Amino acid sequence: YQQPFFFLPGIFKNFGFIGNVTLIDSKVNYGTVAAPRRNQLLNLSKQAFNATLYYEDKKFSARVSGAYRSKFLTRVPGQNGSTTAPLENDVEGTNSTFNVDAALSYALTDKIRITLEGINLTDEFRNQFIDSAADRPVTNTHTGRSVLFGFRFTL
């Protein structure tokens with residue numbers, strides 16, 4: 001869904017919203033016909049959404065965005081898992097994440113624009129797990145926040 005707020009009065013008409021939601025239900029047999037192991041498709045979250053609130057005029061632009069992704073599987077069966085044992089390291093996956101990013105830009109002239117961007121402002125970690133029952137941690141990746149400053153020159 002995308003909605004510019006041009007119908008609002010004054011400076012509020014320069015605001016807008018962009019958003020989407022994805023809901024997926026999938027089942028795949030990772031076992032055999034005789035011993036089925038049904039689970040969701042690899043690398044596919046059941047729920048995801050993105051939302052952006054923005055402001056734009058000729059000189060100034062600002063955006064703040066949030067992105068959620070529910071946990072997802074990356075391997076079935078998990079490493080060192082058994083194809084016959086019912087739950088031992090049955091899956092590997094990545095836990096859910098929610099990231100917030102922001103961007104600002106300002107036109108100094110018709111040809112020069114300065115920018116400021118913040119990525120992963122919530123300082124979100126990426127946690128991977130093994131075994132759906134025990135949810136044992138495998139890795140805990142921390143990239144931290146990134147803040148970028150720049151300028152653009154247009155010919």
Heavy-atom accessible area per residue - the chain, 1.4 Å, Å²: 67 Å²
Mind checking the range 48-82 for trypsin sites (Lys or Arg not before Pro) that DSSP puts in a loop (not H, G, I, E or B) and that have at most 14 other Cβ atoms within 10 Å? K58, K59
Which value results when the Cα radius of gyration for the range 1-133 is divided by 2.2 N^0.38 Å? 1.54
Carbon/sulfur fraction of accessible area - the chain, other protein chains in place, 1.4 Å, %: 60 percent
Set the Förster radius R0 to 35 Å, insert the Cβ-Cβ distance between K59 and T122 as r into 1/(1 + (r/R0)^6), and round the FRET efficiency to 0.05. 0.75
Would you list, by chain and number, the aspartates and glutamates whose Cα falls below 17 Å from the Cα of K59, excluding same-chain residues fewer than 8 positions away? D110, E117
Stretch in the chain that is longest and holds no chymotrypsin sites (Phe, Trp or Tyr not before Pro) that DSSP places in a loop and that have at most 11 other beta carbons within 10 Å: 8-155
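The values are calculated or read from the model by the stated rules, or taken from the named source; none is laboratory data. None of the values given here were measured: they were computed from a predicted structure. Heads up, the Cβs are rebuilt from the backbone with ideal geometry, glycines too, and the neighbour counts pull from every protein chain shown. Calculation scope for accessible area: heavy atoms of the full protein, side chains included, ligands and nucleic acids excluded. Shrake-Rupley method; radii C 1.70, N 1.55, O 1.52, S 1.80 Å.
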